[in-house]
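Asks: Please read through the structure below; I'll follow up with questions.
The values are calculated or read from the model by the stated rules, or taken from the named source; none is laboratory data. This is a predicted model, so every value here is computed, not measured. All Cβ positions, glycine included, derive from the backbone under ideal geometry; neighbour counts span all protein chains shown. What goes into the accessible areas is simple: the full protein's heavy atoms, side chains included, and nothing from ligands, DNA or RNA. Shrake-Rupley method; radii C 1.70, N 1.55, O 1.52, S 1.80 Å.
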2 protein chains.
Amino acid sequence: MAGTNRTERDLAEADQEQIRQPVIVLVEPQLGENIGAAARAMLNFGLTQLRLVAPRDGWPNERAQANASGADLVIDGVEVFGTLEAALADCTRVWATTARSRDMLKPVLSPSGAAQRARACLGAGERVAILFGPERAGLTNDHVALADSLIEIPANPAFASLNLGQAVLLIGYEWLLSGRDVPDERVDPGATRPATRDELVAFFDHLEAELIASGFLFPVEKRPGMVRSLRAIFTRAALFEQEIRTLRGMVKSLA
Amino acid sequence: MAGTNRTERDLAEADQEQIRQPVIVLVEPQLGENIGAAARAMLNFGLTQLRLVAPRDGWPNERAQANASGADLVIDGVEVFGTLEAALADCTRVWATTARSRDMLKPVLSPSGAAQRARACLGAGERVAILFGPERAGLTNDHVALADSLIEIPANPAFASLNLGQAVLLIGYEWLLSGRDVPDERVDPGATRPATRDELVAFFDHLEAELIASGFLFPVEKRPGMVRSLRAIFTRAALFEQEIRTLRGMVKSLA
């Protein structure tokens, strides 16, 4: 059991980057497949520190390895402990994921609230652990009693049961989001750039001249409205310079 | 194939609630297990409308049913189409989830940006579809060309590959969050309530009187600092009325 042999020196030597992320603790996990899925989900979002408390089928576990789908970095670094107390010995903040509400007066964090708070605590040099219970029944009340707060994953109350890998996935996802500024919408222009208003107007002039020549913009008294309608289409599209050239080529070809 | 028999009347009769959520479209899914996992993940977050385009192993699919873990509501309502164009025929907004960036000038939405926009579009009476590609290679460029925007799930660039069920899970999670006000932190006081400052001060008076009697708060010149330290512990804990009573019982018992 790697965990029981850790020394102060090992801890001191650990990669600083490693200390700047929460430790994921799976308490009494049953199926190796789920340990593997959790490891994979962790690495998907940049988490690498996994501790197991009394895994039912021991450790190492071939099925965990197979189901981790290449998340060897996580699997190879797994630390195993006999008790939750031992797994949490060096942690200063402990939060327990739970599906059902408990008869305990503990703060309940949202996944994003927990992720933001984890960054703040880790930034202040604390060591943060996030607990996940066994597949069948989740964490016991005694497990939860060791935690400072609960983390509740919002779900459809009529169908709320998430599997272990999915619960870890959502926590990992929020962890990554909390450290990254992801815009609601962006456009990657690649080799081109947004068209200038000058380029757009030149296209309009070209298009409308051809449409007058082809007889589309008649009768003359309806022309202003028709032009405005066409311009609305192309302004709404927020065209790129390269697209203006494509459209002008198209108009030329059709005319 | 249920989808091909849909009529205008069927659509008109569909539950209004159903129309107020995005349609999840799995394009050429390969493994029934993944269709089941997607269905389960959908229902976890209240999504129920699932369309399949040319599922490799046909439909119905026993493995999908088994892996849906009780999400029968989704599985029983699956609509199957021969082409993506047919599956999207009645949709007005189409967004394609994709892991890799494409050589296309399309807006890229974050999952939460997509969820918020979906609510806005659905609220305006639009029909929104979110596409997920086949397990092995994802959506082709031709599939993506039918979409208005891309949705990119942020992940660890060195290990970004999510499986189908997980991708659907994250989109579903953001969908649910976009419709719910989930506080970063809350406390459910249950049958009790936060203690009033009066109750807290009465506890302090009780505790400090006993600590003077027991000789703990000596020498007298250090007493103010010791009292402030003790009070800091109990104010930081943001005690509930019931906890004050527990603490007073504890002090009484020790004294």
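Asks: What three numbers, in Å, describe the spread of the alpha carbons of the range A:166-255 along their principal axes, ordered from the longest?
Replies: 64, 27, 22
Asks: Follow-up. Which value in deg cm²/dmol, rounded to the nearest 500, describes the helix-derived mean residue ellipticity at 222 nm for chain A, given -39,500 (n - 2.57) per DSSP H run of n ≥ 4 and division by the residue count?
Replies: On the way: 12 runs with 116 residues, N = 255.
The helix contribution divided over chain A gives -13000 deg cm²/dmol.
Asks: Another question, then. Hey, for A:R180 with labels 7 Å out along Cα-Cβ, what do the inter-copy distances come to in nm, ordered shortest first?
Replies: Ordered by distance, the counterparts are at 2.4 nm.
Asks: Would you kindly work out, in nm and rounded to one decimal, the distances from the label point of A:G123 to those of the same position in each other copy, ordered shortest first, with label points 7 Å along Cα-to-Cβ?
Replies: Result, one decimal in nm: 3.1.
Asks: Turning to a different aspect of this structure: Give the distance, in whole Å, between the Cα centre of the range B:38-62 and the Cα centre of the range A:123-200.
Replies: So the separation of the two Cα centres works out to 24 Å.
Asks: A further question on this structure: At 1.4 Å probe radius, can you tell me the per residue accessible area of the protein assembly as shown in Å²? It would help to have the intermediate numbers written out before the result.
Replies: Values: 25310 Å² over 510 residues.
Result: 50 Å² of accessible area for each residue.
Asks: Provide the per-residue ³J(HN,Hα) series for the range B:71-88, in order, calculated from phi with Karplus coefficients 6.51, -1.76, 1.60 and θ = phi - 60°, each as a whole number of Hz, with x at glycine and proline positions.
Replies: Coupling constants for the range B:71-88: 7, 5, 3, 7, 4, 5, x, 4, 10, 10, 10, x, 9, 5, 4, 5, 5, 9 Hz.
Asks: For the range A:123-255, what is the relative contact order in percent, using Cα pairs closer than 8 Å and at least 6 residues apart in sequence?
Replies: The value is 25 percent.
Asks: With the Cα gyration tensor of the range A:97-196 in hand, give its eigenvalues times 5 under a square root as the equivalent ellipsoid semi-axes, listed largest first in whole angstrom.
Replies: 34, 18, 11
Asks: If I ignore ligands, DNA and RNA and count only protein heavy atoms, how much of A:E33 is accessible to a 1.4 Å probe, in Å² to the nearest 10?
Replies: 60
Asks: Could you work out, for the protein assembly as shown, what percent of all Cα-Cα pairs fall into each 20 Å distance bin, beginning at 0 Å and stopping at the bin that holds the largest distance?
Replies: The percentages, shortest bin first, are 19, 42, 27, 10, 2, 0.
Asks: Over all distinct Cα pairs, what is the inverse of the mean 1/r for chain A, reported as the Kirkwood hydrodynamic radius in Å?
Replies: Working: mean 1/r = 0.0453 Å⁻¹.
Answer for chain A: a Kirkwood hydrodynamic radius of 22.1 Å.
Asks: Let me ask another. Can you tell me the orientation of helix A:223-236 relative to chain A, as the angle in degrees between its alpha-carbon axis and the longest Cα principal axis, to the nearest 10?
Replies: Helix A:223-236 and the main axis of chain A meet at about 20 degrees.
Asks: Relative contact order for chain B: what percent, with Cα pairs under 8 Å and sequence separation of 6 or more?
Replies: 20
Asks: I'd like the mean, over residues of B:180-186, of how many other protein chain beta carbons sit within 10 Å of each residue's own Cβ.
Replies: On the way: counts 2, 0, 9, 4, 11, 9, 7.
If you average over the peptide's residues, the count of other-chain Cβ atoms is 6.
Asks: Which trypsin sites (Lys or Arg not before Pro) does the range B:160-239 hold that lie in a coil by DSSP with at most 15 other beta carbons within 10 Å?
Replies: B:R180
Asks: Taking amide H positions as placed 1.01 Å from N in the peptide plane, with prolines and chain starts having none, which residues 5 or more places from A:I151, or on another chain, fall under 5 Å of its amide H?
Replies: A:A96, A:T97, A:T98, A:L109
Asks: How would you classify the range B:121-180 from its alpha-carbon gyration tensor, with a ≥ b ≥ c the square roots of the eigenvalues: rounded for a/c under 1.5, else prolate if a/b is greater than b/c, otherwise oblate?
Replies: Oblate.
Asks: Something else about it: Please compute how much accessible surface disappears when A pairs with B, both sides summed, using a 1.4 Å probe, and round it to the nearest 100 Å².
Replies: Chains A and B together bury approximately 4100 Å².
Asks: Of all DSSP beta bridges in the protein assembly as shown, what percent run antiparallel (nearest 5)?
Replies: Working: 8 of 48 bridges.
If I count the DSSP bridges inside the protein assembly as shown, around 15 percent turn out antiparallel.
Asks: On a 0 to 90 degree scale, rounded to 10, what angle separates helix B:111-123 from the longest Cα axis of chain B?
Replies: The answer is roughly 70 degrees.
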